[in-house]
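Each remark here refers to the structure printed beneath this line.
Please treat every number below as a calculation from the coordinates, not as lab data. Values in this document were obtained by computation on a predicted structure and should not be read as measured data. Counting neighbours? That spans all protein chains shown, and the Cβs are built from the backbone with ideal geometry, glycine included.
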Amino acid sequence: MLKFIFLICTAITLSACSSFGYYMDLMEGHSELMEQRKPIKELLSQNDTKSELRNLLVKSQKMRDFATKRLHLPDNNSYRMYADLKRNYVVWNVVAAKEFSVKARKWCFLFVGCLSYRGYFSKKDATLYANELKKKGYDVYVAGAKAYSTLGWFDDPLLNTMMYKSEAYRAGIIFHELAHQVVYIDDDSAFNEAFATTVEEEGIRRWLEKDGNVEKYKKYLLNKERENQLNQLLRTTREKLDYLYKSDVRSEKKRAAKKEIFSQMQNEYQQLKKSWKGYNAYDGWMNQNLNNAHLLLIATYNDLVPTFKAMLQNEKNDLKHFYRAVEKLAKLDKEKRAAVLNNKLLAHKEQ
C-alpha cells in the first residue's frame, strides 16, 4: 500500500502532463487487480474451492517453490496469491508503427522506462487509443496479454488468465515473470524479454525433466520448434518489408508491394503448416488483417534469445553464474551492451 501511495503521489506531480489521465487509469486498474488477490493457502483451505482450480493452484505452488530452489529466482510473495478477473486477458497492449517502418513506436513510463507498447486494463480504452493512432496514419495492433508483472514492486498474483493452458505454459509464465525481477533494464525491451524468455525455456526443461515427464517435454519441444519456424517466417517478412521501405519506390507502389509481402507470408504459413500434422494454434492470428505492428512484439521477445542461450551454455548451464554475467552486461550503456550482444551472436552463429 505504501508503494501504491508513492506511485499516486508521483503521478500527481505530472498533473500538467497529458499523460496524467492515463496514469490514473493504470493505477485504478492496478488497484482493482491487487484488491482481488487472495492467498493461495487460504483458497486451498476452503471447501468451496473447485477441484480443478485447487489442483492447478497446488501445482502452481510446486512450480513457485521450484523457481526459487532450483532456478534461483527471487524468494518473495509473488505468485503466492490468486485473483480471478472474470475476463480472458489482464491487459491489452497497443503496438504501433509508421506505415512504411518496421520499428515500433516507443512510449516512456515511470519506473519501467521506454517500451514498444502501451498497456490498458480496458479493451475499450485500448481500442479507442488504437483508433486515434490509425487516424494519424499508424499501423496498429491491439494484443491481449494473459500475464502481468510489476517487476517486484508488488506481490504479483497468479491470474485466471494464466491458469487454463498447458503445464509448460503455466510454469513458463511464473519463471519468465520472476526473471524480470532478477534483471530489468529501463528502455531495453529486447534485452529484458530475451533474457526472461531464456530463463523461461530453461526452467520449463528442468521442470518437466525432473519428474521424467518425457512425453510432455517432447510435446513442448515440438510446439517450440513450430513456434521458432513461425518466428523465422515473421522475421524474414520483416526483413523484406524493411528493404522495401528503405527503397526509393513511390508510396503507391510501396503500398501494393507491402500488401503482396503480407499475402506471401500467409501463403507460406499454409505451406509450413502442412508439416505440422493438423496443428493450427496460429491460424486465428495469421488470418487477421496483418500490418507492420503485428510483427513487432515477436521481434521484441525472440531476436536476442539465441545470444542469451549461448551465454548460458558458456556458463555450463549454471544459472547463478548466468545471472551474474547478465547483470554485468546490464551495467554497460546501451551502445556497448548492443555491441557485446551482437559479437556474442556472431560468435554463436560461427560455431
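What fraction of the DSSP beta bridges in the chain is antiparallel, stated in percent and rounded to the nearest 5? Please list the in-between numbers first.
Working: 16 of 18 bridges.
Of those bridges, close to 90 percent are antiparallel.
Top mean-square fluctuation among 205, 337, 64, Gaussian network model of the chain, C-alpha springs under 10 Å?
337
Which pairs in the list 98/336; 38/86; 41/86; 103/136; 146/240; 240/316 are over 25 Å apart, alpha-carbon to alpha-carbon? Numbers along the way, then the final one.
Working: 98/336 28 Å; 38/86 15 Å; 41/86 21 Å; 103/136 16 Å; 146/240 31 Å; 240/316 37 Å.
Result: 98/336; 146/240; 240/316 exceed 25 Å.
Just how large is the dipole of the stretch 247-344 about the Cα centre, in debye to the nearest 20, putting +1 at every Lys and Arg Cβ and -1 at every Asp and Glu Cβ?
Rounded to the nearest 20 debye, it is 120 debye.
Per-residue HN-Hα couplings for the stretch 324-332, Karplus 6.51 cos²θ - 1.76 cosθ + 1.60 at θ = phi - 60°, whole Hz, x for Gly and Pro?
For the stretch 324-332, the Karplus-derived couplings read 5, 5, 5, 4, 5, 5, 5, 7, 6 Hz, x marking Gly and Pro.
Gaussian network model of the chain, Cα springs within a sub-10 Å range: biggest mean-square fluctuation belongs to which of 278, 119, 21?
Of the options given, 278 has the highest mean-square fluctuation.
Where in the stretch 264-316 are there trypsin sites (Lys or Arg not before Pro) that are in a DSSP coil and have at most 16 other Cβ atoms within 10 angstrom of their Cβ?
Hits after loop and neighbour filter: 277, 316.
Just tell me which lysines come within less than 22 Å, Cα to Cα, of residue 218; anything on the same chain fewer than 8 places away is out.
Candidates past the 8-residue exclusion: 59, 62, 165, 210, 273, 274, 277, 309.
Compute a Gaussian network model of the chain, connecting alpha carbons closer than 10 Å, and tell me which residue from 222, 115, 304 fluctuates the most.
Most flexible of the set in this elastic network: 222.
Helix-only mean residue ellipticity at 222 nm, the chain, DSSP H runs n ≥ 4 weighted -39,500 (n - 2.57), per residue, nearest 500. What is it?
Working: 15 runs with 212 residues, N = 351.
Taken over the chain, the calculation gives -19500 deg cm²/dmol.
Return the loop-located GluC sites (Glu not before Pro) in the stretch 112-216 (DSSP other than H, G, I, E, B) with at most 11 other Cβ atoms within 10 Å of their own Cβ; answer none if there are none.
none
Using 7 Å Cα-to-Cβ label points, what is the residue 20/residue 333 separation (nm, one decimal)?
Between residue 20 and residue 333, the simple spin-label model gives 3.5 nm.
Please quote Rg/Rh for the stretch 215-350 to two decimal places, taking the Kirkwood radius as Rh and restricting both calculations to Cα atoms. Spell out each step's value before the answer.
Numbers: Rg = 18.4 Å, Rh = 17.6 Å.
My calculation of the ratio gives 1.04.
Below 15 Å, Cα to Cα, which aspartates and glutamates can residue 253 reach? Residues fewer than 8 away in the same chain don't count.
Partners found: 99, 242.
Run the dipole for the chain about the Cα centre, Lys and Arg Cβ at +1, Asp and Glu Cβ at -1, nothing else charged, and hand back the magnitude in debye, nearest 20.
That gives a dipole near 740 debye.
If contacts are Cα pairs under 8 angstrom and at least 6 residues apart, what is the relative contact order of the chain in percent?
18 percent
Would you please calculate the Kirkwood hydrodynamic radius of the chain over all C-alpha pairs and express it in Å, rounded to one decimal?
The answer is 22.0 Å.
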